[in-house]
2 protein chains.
Amino acid sequence: AVLSGGPQAFPDPENSNLPVFTMDYARIQVPFEVTLWVLLASFAKIGFHVYHKITFWVPESCLLISIGLIVGAIMHSVHEEPPAVLSYNVFFLFMLPPIVLDSGYFMPTRPFFENVGTVLWFAVVGTLWNSIGIGMSLYAVCQIEAFEVQDINLQENMLFAAIISAVDPVAVLSVFEDVSVNEQLYIVVFGECLFNDAVTVVLYNMFNFVAEMPVVEPVDVFLGVARFFVVGLGGMGFGVIFGFVASFTTRFTSNVKEIEPLFIFMYSYLAYLVAELFSISSIMAIVTCALTMKYYVEENVSQRSCTTIRHVVKMLGTISETLIFFFLGVVTITTEHEWNWGYIMFTLLLALVWRGLGVLVLTQIINPFRTIPFNFKDQFILGYGGLRGAISFALVFTLPDTIGRKKLFITTTICMIMFTVFIQGISIRPLIEFINVRRTNRNLETINVEIHSRLIEHTIAGVEDLCGQWSHYYWKDK
Amino acid sequence: AVLSGGPQAFPDPENSNLPVFTMDYARIQVPFEVTLWVLLASFAKIGFHVYHKITFWVPESCLLISIGLIVGAIMHSVHEEPPAVLSYNVFFLFMLPPIVLDSGYFMPTRPFFENVGTVLWFAVVGTLWNSIGIGMSLYAVCQIEAFEVQDINLQENMLFAAIISAVDPVAVLSVFEDVSVNEQLYIVVFGECLFNDAVTVVLYNMFNFVAEMPVVEPVDVFLGVARFFVVGLGGMGFGVIFGFVASFTTRFTSNVKEIEPLFIFMYSYLAYLVAELFSISSIMAIVTCALTMKYYVEENVSQRSCTTIRHVVKMLGTISETLIFFFLGVVTITTEHEWNWGYIMFTLLLALVWRGLGVLVLTQIINPFRTIPFNFKDQFILGYGGLRGAISFALVFTLPDTIGRKKLFITTTICMIMFTVFIQGISIRPLIEFINVRRTNRNLETINVEIHSRLIEHTIAGVEDLCGQWSHYYWKDK
């Protein structure tokens, strides 16, 4: 309020009078510019909804990237550096947590536990399949002399494949929330992109480490597997612990209603940060935390706090998502690129092929265990809905500078994201309508059927509890 | 999620195997520690309400400072540096805005406009009176040889007086919200501490500038007066502009309900930051912004958004206030002090005397213009309720290092805050009960009287509007 330390104000105190106007921009720069960017992104969102015919056919993510591209071009032409919003730390510590908390908090619990096997199957095995498949075949492509990328070795290809093979929650959710597919399909895509984080973490760390190791011993493979369980189960463990502590804390907050919602945000964020601290899956930690505490918390807190929690979680998630796509566009323009037709085109092709093959093979294996097996149309949407997004983008910038072709990897990742978000993202809605995929099947059953099937399920869960046998009915009942 | 760049993880990549556990604390340190401090402060608040007998007699601010003192002592004994939460920039850019937004947003508009004359009278003339009175008489005290503070010149005394003479909104509100005095008294204290900011800004800047000037010309006095109007009216102007823009924006947000509340926070914060940019009264800007937009916004947004806005404003204000008092305690221990009995005791005494005299004189002048004049008991509470707080604390650290006695000023300010918050803050409730001050007079009138007096007021406002004469009825009607 008071201090005017700017050099503009006091150019020469010896000879000047008391200044009536002063300015000091440097001091308020960071919060001021952050607020302005958020405001700009919010205006874009208002704009899209005013002309809502656009958003029916083009996903909001595409529109935001396009606006980002325009803003990036303007900034580039006036040689202005964009803010480092998509830098590794800002992205993973501040932008991603609200989105994942949003996903976890509003995850439909019942369908999730009904499909938890399929979700983990696709998240773990599917991501492994993609990474290894893409990495190996990209290495084969590198041997073709005409492409002039023979200097990329196997480890680097595997590392790059680990980065781009994981389906991205931000991109997938923004598309699948608009199109209405049936619940089974939705929850599998939804769950896969949240729970493949553990695999990505381990693969990225492993290949990053292997790239600097002279000899890979057999013991390292076992350590890799061990690390996978540490990363995955550790993330879940932290999530459950923080979730229960949060639930327990809300039992005592009835006298401090004004700060009640704060506890939810702080505990979720702590779960995320502690997971980051130990380099385990922070996405799984915060999702598990949100899943665990949701029902207890909503029973404990007041009605007003509950409204606030839900609204703020949604609000922060939405604005983070908006900013991420927006800056994806901006940074695409302002980054240095290295173009290589062969490598980029083959990456796009191979990612699509391996994703398609993976879905076909994995569905064949899992279908016999499912109550409602996936038909061919479902498989197509599962494969085609494998969008890549900002997580790959933030990861590729963290590649060590010792990798000679880092710029090519960055360019390829951006192409991959643009291709999947624009081409696949825009065409998925017409395709769903064209091949007539089963749509949302909620509210189709009569209330009578609903009540009776619930009753039977509760009874089975009770019988199982008595026998000491727990099947998926037990978890459904939670 | 993925990168494990800590030196713990890879002590010697040549000879080590793939690590199963890794840790990297530096990366998450800032958000992690901020979250933990907030959590600690929130737990303290829960604790106070569990033993709510304490908070009835001792204001929460005192308890928080006490806990802060304990934590500070612990940190000091293990030589741990406290986080710089009460540094000038963090305090004025991040801690203060939520509190002032909270005050402005929930300010009772009707009583405020009924008493706006008295509020401005005390805020402007009262603060000037205090600053000049305390500054002059402290300079006189400095001439006493026994105190060994003859090196403090007039400018430095005036600068110091400007810092400590303003009544602090954070301290005053936290005490006056607990005790229930009558509405007129409450709104005058409430308004005074928010609107004296402009005077403090100008006086601080002026004396800071004058301290470095060889000659003070008469033109500088006029410039000072001009600057006062720029600072005060400028702050109000920015507030009104941003308030109306915010109100206008909410007309278009009905389709983006999930981010609706965000606009309120962003526009208020922008008003504050822009005011900071031009070194004008940011407190007045954000209060005016909140006052302006409140009614329009609450009509425009959905019921759920309205609940969220109110709850989040309250939540952020509460937690900021809690943290400020907490850190006031912590930093008191960890700061270097310079003790001087004479100077410190005389400052406490003079501040109390000038405040008391000021209230007596100013009330005599304003009473003939008031519908309900202040009686002697009201005057006593007005004078005794002049608590100092964190704003003085943050300001005193920004004094230029060229001032030799900066440490003494810091110590004196801390003593001043502790004295007013502890002694006056704790004793004000028993005193109010003892001298039997008129209590809250809301809901005393029958609904019949209420309706008729409102009707008459609306009629007068309408008649005035037709005549083109606007008195305070016009503003009441808003």
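Worth pointing out:
- Taken as Cα centroids, the range A:123-178 and the range B:297-317 sit 45 Å apart, rounded to the nearest whole angstrom.
- Each other copy holds its own label point for A:ARG251; taking that point as 7 Å from Cα along Cα to Cβ, the gaps run 5.2 nm, nearest first.
- Pairwise FRET efficiency - A:ILE423 versus B:PHE376, Cβ, R0 = 45 Å, nearest 0.05: 0.05
- Test item: Cα-centred dipole of the range B:40-435, Lys/Arg +1 and Asp/Glu -1 on Cβ, debye: 900 debye
- Taking B:LYS314, B:LYS377 and counting other C-beta atoms within 10 Å, the order from fewest to most: B:LYS377, B:LYS314
- Adding -39500 (n - 2.57) for every DSSP H run of four residues or longer, then dividing by how many residues chain A holds, sets the calculated 222 nm ellipticity at -22500 deg cm²/dmol.
- Tensor-based shape of the range A:278-410 (alpha-carbon gyration tensor, a/c under 1.5 rounded, otherwise prolate or oblate): oblate
- Neighbour count of at most 16 Cβ within 10 Å plus DSSP loop: longest GluC sites (Glu not before Pro)-free window in chain A: A:213-335
- Here the protein assembly as shown is treated with +1 on each Lys and Arg Cβ and -1 on each Asp and Glu Cβ, and its dipole about the Cα centre works out to around 2360 debye.
- Point-to-point label distance, A:VAL125-B:VAL78, nm (Cα→Cβ direction, 7 Å offset): 4.9 nm
- Scattering curve values for the range B:175-275, log₁₀ I(q)/I(0), Debye with Cα scatterers, q = 0.18 Å⁻¹: -0.97
- Shortest-first nm distances, B:PHE229 label point to equivalent points in other copies (7 Å, Cα→Cβ): 7.9
- Three-way shape label, the range A:224-272, alpha-carbon gyration tensor, a/c 1.5: prolate
- Counted residue by residue at 0.36 nm each, then reduced by the alpha carbon distance between them, the extension gain from B:GLU450 to B:ILE46 reaches 141.6 nm.
- Cα gyration tensor, the range B:299-341 - rounded (a/c under 1.5), prolate or oblate: prolate
- Calculated FRET value between B:TYR295 and B:VAL116, using beta carbons and R₀ = 22 Å, to 0.05: 0.85
- Listed residue pairs exceeding 21 Å between alpha carbons, taken from A:LYS45/A:LYS377; B:LYS45/B:LYS407; B:LYS257/B:LYS294; A:LYS294/A:LYS314: A:LYS45/A:LYS377; B:LYS45/B:LYS407
- Where a label projected 7 Å from the Cα of B:SER302 along Cα→Cβ would reach, residues of the range A:155-184 with amide N under 20 Å: A:174-180
- Residue among B:TYR88, B:VAL71, B:TYR296 farthest towards the positive dipole end of the protein assembly as shown, charges placed on Cβ: B:TYR296
- Taken as entire DSSP H runs, the helices of chain B that both span 24 Å or more between Cα atoms along their own long axis and average 1.0 or more on the Kyte-Doolittle scale are B:25-50, B:60-77, B:218-249, B:260-277, B:341-366.
- Computed over chain B, relative contact order equals 24 percent, with contacts defined as Cα pairs under 8 Å that lie 6+ residues apart.
- Listed by chain and number, the aspartates and glutamates whose C-alpha is less than 20 Å from the C-alpha of B:LYS406, apart from same-chain residues fewer than 8 away, are B:GLU145, B:GLU148, B:ASP151, B:GLU156, B:GLU212, B:GLU336, B:GLU338.
- Estimated FRET transfer efficiency (B:ASP151, A:ASN255; beta-carbon r; R0 56 Å; 0.05): 0.60
- Pairwise centroid distance, computed over Cα atoms, of the range A:20-54 with the range B:219-255, Å: 18 Å
- Our note on the geometry: Cα centres of the range A:347-374 and the range A:97-112, 24 Å apart.
Values in this text are rule-based calculations from the coordinates and carry no lab data. These numbers come from a predicted model, not from an experiment. Please note: Cβ atoms are built from the backbone with ideal geometry, for glycine as well, and neighbour counts cover all protein chains shown.
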